[in-house]
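Some notes on the structure that comes next.
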Amino acid sequence: MISPELLRRFPFFNFCDSAHLKAVAMLADELEVDKDSSVFETEQSADEVYVLIEGSIDLYFKVVDRDDPGLVKEFFLSEFNPGDIFGLSALFAPYRRAMTAKVMGPSKLIKIDAMGLRGLLESDTAFAAGLFKAAAQTFMHRLHETRAQLAAARA
């Protein structure tokens, strides 16, 4: 468990009242990760949601050749900075990772148990509405960044 006050620092949780922050904090732990490790890999079971407290995490998209599965290429997609939430695929079926998150330097994370978080979503519609709105805003921001990268690559 972490302090609810730690979660209050991050804009993603602005929709939460004190009871919601406490409920999420009870599902969370702090985690330190070393440079060059992975937080998660493409196609792994998505069991946690993460918030980056300090450090840097890069997100990669993996492409596997249809005709030669041994031919794999990873493409840099984006960088997470302190305050960013990631691993949101843990909230949406089929609960599998679509990307790989690599640690670029010693980092500190908040790890939130996704099964417990999904339980909160099912039992509290106000919490679910707030969380899904915050997640949608996060996804739209990342989609915009990805479009900008694509436009720059084609220019």
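Within the option set 127, 132, being closer than 14 Å to residue 12 by Cβ, assigned to a helix (DSSP H, G or I) and touching a Cys at 6+ places or on another chain (Cβ under 8 Å) holds for one residue only, 127. Scanning region 105-124 for residues that are part of a helix (DSSP H, G or I), of a type in the set (D, E, K, R) and within 17 Å of the chain's Cα centre (by Cα) returns a single hit, 118. From the residues in region 28-83 that are in a loop (DSSP other than H, G, I, E, B) and closer than 21 Å to residue 114 by Cβ, which one is most open to solvent (accessible area, probe 1.4 Å)? Checking each candidate, the answer is 43.
To keep it simple, each residue is scored yes or no on (1) more than 20 Å from residue 142 (Cα to Cα); (2) modelled with pLDDT under 95.
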position: 21; (1), (2): yes, no
position: 29; (1), (2): yes, no
position: 36; (1), (2): yes, yes
position: 39; (1), (2): no, no
position: 42; (1), (2): no, yes
position: 52; (1), (2): no, no
position: 64; (1), (2): yes, yes
position: 69; (1), (2): yes, yes
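Residues of region 4-27 that are open to solvent by less than 60 Å² (accessible area, probe 1.4 Å) and free of Cβ contacts under 8 Å to residues at least 24 places away in the same chain: 4, 21. Residues in region 84-98 that are on the phi < 0 side of the Ramachandran plot, open to solvent by less than 40 Å² (accessible area, probe 1.4 Å) and part of a loop (DSSP other than H, G, I, E, B): 1 in all. Do you know which of the residues in region 99-145 that are among the acidic types (Asp, Glu) and surrounded by fewer than 16 Cβ atoms within 10 Å (Cβ to Cβ) is farthest from residue 4 (Cα to Cα)? Per the criteria, the residue is 145.
The values are calculated or read from the model by the stated rules, or taken from the named source; none is laboratory data. Just so it is clear, the structure is predicted and the values come from calculations on it, not from any experiment. Quick reminder, even Gly has a Cβ in these numbers, built from the backbone with ideal geometry, and neighbours come from all protein chains shown. With ligands, DNA and RNA removed, areas are computed over all heavy atoms of the protein, side chains included. Shrake-Rupley method; radii C 1.70, N 1.55, O 1.52, S 1.80 Å.
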